[in-house]
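The values are calculated or read from the model by the stated rules, or taken from the named source; none is laboratory data. Given the structure is predicted, the values throughout are model-derived calculations rather than measurements. Glycine also receives a Cβ, built like all others from the backbone with ideal geometry; neighbour counts cover every protein chain displayed.
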């Protein structure tokens with residue numbers, strides 16, 4: 001749960017940098033580091049999921065898609081995220097599949113992109129539901145695609161550890177499309193007054209409009225969302241988007257700390273979070 005809290009607060013670090021978008025290279029590096037850590041933790045908890053971990057898996061997957069959207073909005077090189085995914089071995093491999101079936105060599109149109117798994121999917125040795133299963137990949141995972149099978153609605157993917165296979169096209173979606181849909185749904189909920197949606201909408205705006213981001217965080221903070229209260233405190237302590245005001249920062253961090261936010265507690269104690 002330690003990284004879970006850090007992931008939720010990742011956008012606050014961006015917010016603290018300045019009122020406008022900062023240096024692109026630094027922003028891209030920050031987002032890529034956040035994505036790398038998030039992906040590693042998502043892989044870890046997905047390896048042997050239990051009922052208690054399912055909510056966390058869902059949140060991690062949503063954060064993963066949000067980071068992809070922010071990374072693209074900032075004009076960063078998308079291939080970096082694909083490489084991170086490949087390095088992290090995101091497949092859930094069957095224990096009995098130590099000797100995996102040979103992968104069929106069929107003609108494919110080369111592709112180099114990341115896609116989201118819509119629902120838990122079978123990675124198969126060939127582009128057919130009759131082909132042996134190589135692995136299972138959990139829903140909402142972002143995986144790298146290396147080709148589309150010619151004349152068939154199947155994609156060839158290469159996961160970490162050199163694992164390759166085929167997934168039916170309808171089981172995959174463009175992460176930007178998924179993130180855009182998520183943005184629209186979140187915006188509707190936020191405008192209707194949903195506090196968690198207001199916080200999430202602020203996160204969506206970090207890469208494009210820091211004033212809008214902080215505005216939505218404030219709305220969520222006023223409804224008692226601790227992580228939003230923490231973010232507003234960060235904005236006040238650094239100035240730029242909001243006027244620099246140590247007293248206001250302490251006020252919001254105190255509220256966040258009372259709500260159980262560990263980063264706010266550390267900030268009030270004079271540690272590095274703020």
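Considering 219, 195, the condition of being more than 29 Å from residue 139 (Cα to Cα) and touching a helix residue (DSSP H, G or I) at 6+ places or on another chain (Cβ under 7 Å) is satisfied by 219 alone.
Checking the conditions here, which among 202, 259, 240, 224 is surrounded by 24 or more Cβ atoms within 10 Å (Cβ to Cβ) and in contact (Cβ under 8 Å) with a residue 24 or more places away in the chain? From the options 202, 259, 240, 224, the qualifying one is 202. Can you tell me which residue is farthest from the chain's Cα centre (by Cα) among those in segment 212-241 that are in a loop (DSSP other than H, G, I, E, B) and closer than 20 Å to residue 263 by Cα? Ranking the qualifying residues of segment 212-241, first place goes to 239. Against the conditions (1) within 30 Å of residue 215 (Cα to Cα); (2) touching a helix residue (DSSP H, G or I) at 6+ places or on another chain (Cβ under 7 Å), residue 185 satisfies every one except (2). In segment 129-180, the residue that is nearest to residue 107 (Cα to Cα) out of those that are modelled with pLDDT of 90 or more and part of a helix (DSSP H, G or I) is 169.
Tell me yes or no: at least one residue of segment 190-197 is touching a residue at least 40 places away in the same chain (Cβ under 8 Å), closer than 23 Å to residue 74 by Cβ, part of a helix (DSSP H, G or I) and in the same structural domain as residue 24 (by TED's automatic domain parsing). Outline the logic, then answer.
Residues of segment 190-197 that are touching a residue at least 40 places away in the same chain (Cβ under 8 Å), as a first pass: none.
No, segment 190-197 contains no residue that is touching a residue at least 40 places away in the same chain (Cβ under 8 Å), closer than 23 Å to residue 74 by Cβ, part of a helix (DSSP H, G or I) and in the same structural domain as residue 24 (by TED's automatic domain parsing).
The lone criterion from (1) in contact (Cβ under 8 Å) with a residue 24 or more places away in the chain; (2) part of a helix (DSSP H, G or I); (3) under 30 Å from residue 265 (Cα atoms) left unmet by residue 183 is number (3). Against the conditions (1) free of Cβ contacts under 8 Å to residues at least 60 places away in the same chain; (2) surrounded by 15 or more Cβ atoms within 10 Å (Cβ to Cβ); (3) not assigned by TED's automatic domain parsing to the domain that holds residue 108, residue 167 satisfies every one except (3). Going by what's in this entry, would residue 209 be described as free of Cβ contacts under 8 Å to residues at least 24 places away in the same chain, within 20 Å of the chain's Cα centre (by Cα) and under 30 Å from residue 103 (Cβ atoms)? When the stated conditions are applied, residue 209 does not pass them.
Condition check ((1) on the phi < 0 side of the Ramachandran plot; (2) crowded, with 20+ Cβ neighbours inside 10 Å; (3) at pLDDT 90 or above) across all residues:
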| position | (1), (2), (3) |
| --- | --- |
| 87 | yes, no, no |
| 112 | yes, no, no |
| 121 | yes, yes, no |
| 124 | yes, yes, yes |
| 127 | yes, yes, yes |
